[in-house]
Structures are given as structure tokens and as C-alpha cells.
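Contents: one structure, followed by commentary.
Bear in mind that the values in this text are calculations on the coordinates, not laboratory data. All of these numbers come straight from a predicted model, not from anything done at the bench. Virtual Cβ from ideal backbone geometry, glycine too; neighbours counted across all protein chains shown.
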Amino acid sequence: MAVYKRGYQRYQGPRTSHLSRIMVMPRFSWQRLMGMKITIVVLAVSMVWPLMCAAFIYVANHAELWQGMGGDMVRFLNINGRFFEVFMNTQAVFAMILAAVAGPGLIAPDLANNALPLYFSRPLTRGDYIISRLLVLLGMLSLVTMIPALLLFVMQVGLAGWGWLADHWIYAWGVFGGFALWIAIVSLVAMACSAYVKWRVIAGALVLAFFTILAGAASIMNAVFRVDWGRAVNPALAMNQIWRSMLDMEPLEGPGAWACSMVLVLMGLTLLAALTRKLRPVEVVK
Amino acid sequence: MNISTELRQIGVIARLELRRAFLSKRSFWVYLLALFPAVIFFGHAIEVKVRQDRWSREGTVQPAVLDRLNRGMTYNEVIKAAGTPIRDFEWERRRRDEDDTVRMRHVLLFDGRRRSDLTFRNDLLESVHTRPLASLDEDRQVFAGVFQFFFLRVAVFFGCLGIFLNLFRGEMLDKTLHFWLLAPARREVLLLGKYLSGLVASSLIFVLGTVLCFAALLWANDPVEVQQYMNTAAGHELFRYLLATVLGCVGYGSVFLAAGLLVRNPIVPIVIVLFWESIIGFLPQMLQKLSVLYYLQSVCPVSAPVEEGTPALVRLLLSPAAPSSVWVAVLGLLGLTALVLYAASRVVRKIEIDYATD
């Protein structure tokens, strides 16, 4: 049948700002994620370590509590790069688990239900869609990473004084920048898994498998070839090397911070390419 | 319905599921996981062969010369004794704790069997590191580590997760489980049939991975040394590794099959099992026996070395329980599996399908 009259025409009315359009999806997603019991449980469990670290900072800044305990204790109760590195390593694991819980529900349902044409028929580009989904994870993961880390830093500054801040301001940059990189990698992994596996639950398992298997693969390569460049393939170890550099610590053996950064950038770009390949506003009817 | 009919039904269900387990697109990554260590070991073997060939052509030194190298010798003395090295690389280094720039040099020598890495600091020999290009004993240790730390803890773990979780949870997500439930077969029969198919598929895939890995390990080494090993311990060790692989599939398979029936989100059991299995070394010996890994490690013929770089405190806290005998390990794991499958059969008997909630 010939179509004489078009039923649709382009919307010509006023539009909301670009930013507010992008923020629509995170707003609803955060609300939904916060309604999930498992998210709340993971968030609650991941707050235990920051609380313990806060107690550590308190004790470290009250010398009267550990007077006469010897030089080892003085060295142990020192708020330095090592302290923040241990904190970051622990919270990075929780960030990974949280991404495995929260990430797969972001894209998989849209793909499984052919909802992408609905999104892209609105004034949203593919980039906007990815950014808005990334913002969901950024918001969630920063609750267990950046925010507690910066609060700990502020607490330490409050207890130790401005002099400590002048000497150790680099730690604030280290935890902020370091966690931002980790969140970017973890979020991209979670989103790529979500885009490639239509089952939400399996995508979550795949996120955990990605990090565990790469860690194992890196260890195998190091052990079999008797090398240490395999560390760069393990995202957690590569990130740790970058964090050490950002926290002004001696690098570990193996590839340096720049080499690790390059590997992670390559990994991120590959994940992004996989993601954009999958996010196409078309519906194939067989 | 008598036992023989039920056994036949188990066989039919297993056969139907087996095709899906082996050939589905979702099994592809399980093959990758199982074969990855073998690929790395083959890569190592090729690397050894290529190096041996190339370095032998570039010129070897007498073994006695390598044995005579001592710290403190000058670069010229070493070159005079050894001749032209295979690799000679010079660079300048300045560390944070060093005031002056240091002239460093790396020299590589090869005697046809051993390589010697020499490090010079300002033309004085600072360190000598001589080791065989390929050592069967060393490779066996590496294999033991790879097998226990990667193959059992990661590959078999995630492989079984993918295969066994797919058996029930996958069918629920595909909305096809009701076809099975409508079939005139007891639910326990369905459970056992599916378990059997997953077990056969995972065992075959991972056994193949282990055998290929072992073959690559032998290929990399000196044929005489390998022949000697084949005549003594190789058969026994390979059998124990294969037994551990199959038992890993038996144990983890039952756990993940039950998890697929009990919980909707597999992340929770994955995290719990993964966490439990990774901390067992730190737990009291009694609790260590409540893990699949304890029994699997007891079956392994060579104990895995503690990873290099493990902090002293962690080494101190690690207190592995004394391994049980192979029979106890096999029976313990089978007992654990029977218990988990019994619990799963109780659940599957009452299972009701509501695809809307999945």
C-alpha cells in the first residue's frame, strides 16, 4: 500500500539541555539499583574497610594511645603511600563486585528487549548513551572508592594539620586519579559484558571471570616464560603499578607505570570498540 | 517405573544435553579456558627450541668457562675467556638513591644447554645467573603451580560454572525448562541426567587440556631427560593430574548445579565459593576439609610452590592442612558431591517455573 502521508515528523519544540538529557538515565538507574537488596548488602560490606582505616588514622594520630610500644609500631602506624595503596587495593575488589552486580543490568535488558531504537529516536547519540550508562557506574562505584578515600584523606588532614597536607597533597591526587582510572576500566568491562551477554546474571559472572581469568593468565605467562611482563596483562596488577607511581612509591618489579598505562588504555579502547559495535539502533527481524 | 527404565532415561537426557554442552556457542569460552595453559606451554616449548637453535648457531662457550665466571671479574676478562657473547647490551642508569650515573651492561652466554646472564656495573661483573635453557624439574614445578593455581582454581571453576549453571538456570532464561518438566520422568532423574551430561562434557574438555599441557611440557625438554622421566614417574603423575581434573569437575559441577537451582543470581554463590576457596589456606585445618580444593590438592602429585613475592606475614599465616590420602580425597569429594546433589534433588522436586520473575 502506498504511503501518501507521513505519520511522523521531526520534533521542533524546545529541548531540555544536553546534560539534563544525559542525566535522565542515571537518575532512574540509581533509583532502581538502590532498591536492590544485593546492591545495599555489597555497599554495606564495602564500608567496613574504610571504617577500619578511619580508626587506624585516628590511632595513628593519637600518639598517647601507643606510647612505649617501640619503633615497629611507629613505622606501622604511619599514614603514607603504602596505607593508601592497601586501602585502594581492598576497595578495588569491592568496586569490581559492585560492578558485577550493578553493571549487567544497564545494557543487557535494552538489547534483549530491542529498546535501543527507542533511546536513539530521542535526541541521544550513541556516545551520550554510553556516557549516561558510565555515569551510573561512576556514581555507584565512587561510593565505595573515591568518596571514602577522600574522606579518609580529609580526616588525616584534619588530625595531622595543614603541614601534613603541604607535604602529602599528592596522595589526594593519587587516590582520586587512581580510582577514576579503575572505575573507568571496571565500568567498561561491566558494560561490554552486559552488551555481549543478553542474560543479566551471566554477564555479572563474566565480569568477575574477566578479572580472575586475566590474573591467572598473567601468572601463567610469567611462570612459564620466566618473565615479568605478564603483570601488565593483569588489570589489577597493572593498575597497582600505576597507583604506586601516582602515590610517589617505588615501582614493583616488572613493567613500569607507563607500560601498564599503555596496556590498560589498549584494553579500554578494545572494550569501548566492542561496546560501540554492539550498540546499534537497529532491530533485526528474522 | 523400575531402576533400569530410570537409568535409561538418565542416559537419554544426558545424551540430548551432551550435544548442547559440547557444541553450543556458549561452550566456546570453556574450550578457550581449558586450552589456554596448553597454548602457553606450547609457546614456551617453541621458544626453547628456537632459542636453542639460534644461539647454538651464534656460537657457544665451553661449559667450564661458565663455571669459572666469578663476581668481580672485568668485562674484558670475561670476553677474553668466553669469546663473542650472544647478546651484549650497555646502558646508563641513575636511581633515586644513587648520586652518580652508573654504566650497566648485560651479557648473555650459552654453552649449548645452559644460559648465563651476566650483569656488569661499571665494567665489573656484579651478578651471574646461570640456569638451564629448559629444565624438566623446574618445568614440573611450574606445571604443578599452573595446574593448582590456574587450572583448578580458575579454569575448572569458571568452566564448570558456565557448563553446570547453564543446565537449569540457562534453560530457565531460555524459557525451555518446562519441556523437560513435562516429560514423563522423575525430577531426580532429570537432575542426574543433566548432571551426567555436564560432567562428561567438562571432564572431557578439561582432561584434553591437561593432556595437551603435559605433552607440551615434555616436548620443551631434553629427550633423554624426558625418556628417563617417562620410565619413572610420568605415568603416575599424569594419572593423578587427570584424576584431580575429573574430581574438580565432579565437585564444582555439583556445587554450581545446585547453585543454579537455588539462587537466581549466580554472582552471590560465585563470590562466596571463590572467597572460601581462596582463604582456605588461612583457616583451621578442620575447615580446610570443607572445600573442594583441599581434596583436589591432596590428589595432585607435586605440591605447588608458594608464589614469589608473597609477603612474609602471609606465608606465616598460610598453614595448609596435611594432605589426605588419595582414597580419602576421592571418597571425601564424592561424599561432598552426593550431599550437594541430594540437596539439589530436594529442591528440583519442588521446582516451579515462573519465567516472568526470571
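State which stretch of chain B is the longest one without any exposed trypsin sites (Lys or Arg not before Pro), exposure meaning a DSSP loop state and at most 16 other Cβ atoms within 10 Å.
B:265-349
List the GluC sites (Glu not before Pro) within segment B:72-167 that DSSP assigns to loop and that have no more than 16 neighbouring Cβ atoms inside 10 Å.
B:GLU98
Please identify the GluC sites (Glu not before Pro) of segment B:209-311 that satisfy two criteria: DSSP loop assignment and at most 12 other Cβ atoms within 10 Å. Which are they?
When the GluC sites (Glu not before Pro) of segment B:209-311 are filtered for loop state and at most 12 Cβ neighbours within 10 Å, B:GLU308 remain.
Too long at a 32 Å Cα-Cα cut-off: which of A:LYS278/B:LYS175; B:LYS25/B:LYS289; A:LYS37/B:LYS175; A:LYS198/B:LYS289; B:LYS49/B:LYS289; A:LYS37/A:LYS278?
From A:LYS278/B:LYS175; B:LYS25/B:LYS289; A:LYS37/B:LYS175; A:LYS198/B:LYS289; B:LYS49/B:LYS289; A:LYS37/A:LYS278, over 32 Å: B:LYS25/B:LYS289; A:LYS198/B:LYS289; B:LYS49/B:LYS289.
Considering only the other residues whose Cβ falls under 12 Å of the Cβ of A:ALA257, what net charge follows from Lys and Arg at +1 and Asp and Glu at -1?
Taking every Cβ under 12 Å from that of A:ALA257, the sum is 0.
If you build a Gaussian network model of chain B, linking Cα atoms that sit under 10 Å apart, which residue out of B:LEU243, B:LEU293, B:LEU339 swings the most?
Among B:LEU243, B:LEU293, B:LEU339, the largest mean-square fluctuation in the Gaussian network model of chain B belongs to B:LEU339.
Taking θ as phi - 60°, what are the ³J(HN,Hα) couplings along segment A:44-57 by the Karplus curve (6.51, -1.76, 1.60), each to the nearest whole Hz, with x for Gly and Pro?
Going residue by residue, I get 5, 5, 6, 8, 5, 5, x, 5, 5, 5, 4, 4, 4, 4 Hz, with x marking Gly and Pro.
Pop out the ³J(HN,Hα) list for segment B:180-197 in order, Karplus 6.51 cos²θ - 1.76 cosθ + 1.60 with θ = phi - 60°, rounded to Hz; leave Gly and Pro as x.
In residue order, the calculated couplings are 5, 5, 7, 5, x, 9, 5, 4, 5, 5, 4, 4, 5, x, 5, 4, 4, 5 Hz.
Relative to the longest principal axis of chain A, what angle (0 to 90°, nearest 10) does the C-alpha long axis of helix A:257-278 take?
Helix A:257-278 sits at roughly 20 degrees to that axis.
How charged is the neighbourhood of B:ALA234? Take every other residue with its Cβ under 15 Å from the Cβ of B:ALA234, and add Lys/Arg as +1 and Asp/Glu as -1.
-3
Relative contact order of chain A, please, whole-number percent, based on alpha carbon pairs below 8 angstrom and at least 6 residues apart.
Once divided by the residue count of chain A, the mean separation gives 22 percent.
Listing B:HIS44, B:HIS106, B:HIS129, A:HIS168 from the residue with the fewest other Cβ atoms within 10 Å to the one with the most, what is the order?
With the fewest neighbours first, B:HIS44, B:HIS106, B:HIS129, A:HIS168 line up as B:HIS129, B:HIS106, A:HIS168, B:HIS44.
Count the net charge of all other residues whose Cβ sits under 14 Å from the Cβ of B:GLU58, scoring Lys and Arg as +1 and Asp and Glu as -1.
+2
Relative contact order for segment A:173-286: what percent, with Cα pairs under 8 Å and sequence separation of 6 or more?
After rounding, I find 27 percent.
Rounded to the nearest 500 deg cm²/dmol, what is the calculated helix-only ellipticity per residue at 222 nm for the protein assembly as shown, with -39500 (n - 2.57) per DSSP H run of length n ≥ 4?
-21500 deg cm²/dmol
Please order B:PHE256, A:PHE225, A:PHE76, B:PHE158 by the number of other Cβ within 10 Å, starting at the fewest.
Ascending number of Cβ neighbours within 10 Å: A:PHE76, A:PHE225, B:PHE158, B:PHE256.
Under the definition of Cα pairs under 8 Å and six or more residues apart, what whole-number percent is the relative contact order of segment B:58-132?
The normalised contact order for segment B:58-132 reaches 32 percent.
To test your reading of the geometry: what angle, between 0 and 90 degrees and rounded to tens, separates the Cα axis of helix A:81-102 from the longest principal axis of chain A?
30
State the three equivalent ellipsoid semi-axes of the protein assembly as shown, derived from the C-alpha gyration tensor as the square roots of 5 times its eigenvalues, in descending order and whole Å.
Largest first, the protein assembly as shown gives 45, 38, 27 Å.
What's the angle, to the nearest 10 degrees (0 to 90), between helix A:18-34's Cα axis and the longest principal axis of chain A?
70
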